[in-house]
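Reviewing the structure listed below.
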Amino acid sequence: MRRRLPDVEDTLRILKEKRTRPLHRPPPPASRALRGFMKDLDGRFGQGASALIARWREIVGADIARRTEPLKLIKGRNGAPSSLEIRVAGPSAAIIQHQAQDILARVNVFLGADAVGKLRIVQGPLRRAEQTPPPRRKAPLDAATEAELMESLSRAPEGRLKDALITLGRGVLRRSGS
């Protein structure tokens with residue numbers, strides 16, 4: 001005997017009674033879960049790419065560090081040495097390419113023997129601005145010199161011209177050391 005197909009009401013009743021389970025999803029890859037943890041450890045203990053970025057000037061020297069910045073350290077497969085990707089400012093890429101072996105040797109001294117085997121050069125503007133300390137404010141004039149300056153400009157009319165002359169006079173007197 002053949003079974004008959006359910007009609008619409010029977011279908012709705014069957015669907016209400018039977019709940020289907022959602023499909024089983026596999027857990028996310030362990031690398032995704034460990035990525036944040038590893039970055040935290042890198043930052044705390046100074047190994048890997050973050051330590052390389054923080055101490056780049058010490059590793060390669062001031063001249064090369066002015067023209068380059070490390071971007072990332074790409075791990076090699078099956079125990080092969082890693083690759084270091086650096087960004088180079090404009091036309092300095094040719095110079096840096098000729099110094100690649102020297103840079104790799106210095107980086108391997110820092111990270112360990114044969115840690116990095118290849119240098120990838122990416123041309124582009126450097127992200128960080130050259131870190132120069134802000135200019136120091138010069139010490140104010142002593143009271144006697146300030147009084148002499150004000151006395152010499154006492155006949156000048158009040159206004160922007162007098163203010164500019166006072167500023168100029170202070171700058172000249174600071175430079176001359178009077």
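The values are calculated or read from the model by the stated rules, or taken from the named source; none is laboratory data. All of these numbers come straight from a predicted model, not from anything done at the bench. Neighbour counts are summed over all protein chains in view; Cβ atoms, including those assigned to glycine, are modelled from backbone coordinates with ideal geometry. Each accessible area value is taken on the protein alone, full model and side chains, heavy atoms only, with ligands, DNA and RNA left out. Shrake-Rupley method; radii C 1.70, N 1.55, O 1.52, S 1.80 Å.
Summary table below
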{"quantity": "Value of D in µm² per second that Stokes-Einstein yields for the chain, Kirkwood Rh from Cα pairs, at 20 °C (1.002 mPa s)", "calculated": "90"}
{"quantity": "Positive dipole terminus of the chain, leading residue within A139, S31, G61 (C-beta point charges)", "calculated": "S31"}
{"quantity": "Relative contact order %, the range 57-123, counting alpha carbon pairs below 8 Å whose residues are six or more apart", "calculated": "36"}
{"quantity": "Surrounding net charge for A156, when Lys and Arg each add one and Asp and Glu each subtract one, Cβ distance under 14 Å", "calculated": "0"}
{"quantity": "Of all accessible heavy-atom area on the chain, the percent that carbon and sulfur account for (1.4 Å)", "calculated": "55"}
{"quantity": "1.4 Å probe accessible area per residue over the chain, in Å²", "calculated": "83"}
{"quantity": "Estimated vicinal HN-Hα couplings, Hz - the range 11-18 in sequence order (Karplus 6.51, -1.76, 1.60; Gly, Pro = x)", "calculated": "4, 5, 5, 5, 5, 5, 6, 9"}
{"quantity": "Phi-based couplings in Hz for the range 148-158 (Karplus 6.51, -1.76, 1.60; Gly and Pro marked x)", "calculated": "4, 4, 5, 5, 5, 9, 5, 7, 6, x, 5"}
{"quantity": "Within straight-line cross-link reach of K39, lysines at Cα separation under 22 Å, skipping those fewer than 8 residues along the same chain", "calculated": "K72, K75"}
{"quantity": "Mean Cα-pair separation over length for the chain, i.e. relative contact order, pairs under 8 Å, 6 or more apart, %", "calculated": "14"}
{"quantity": "Length gained when the stretch S31-A105 is fully extended (0.36 nm per residue, less Cα-Cα span)", "calculated": "23.7 nm"}
{"quantity": "5 angstrom amide H check on R120, placed H, neighbours 5+ away", "calculated": "L84, E85, I86"}
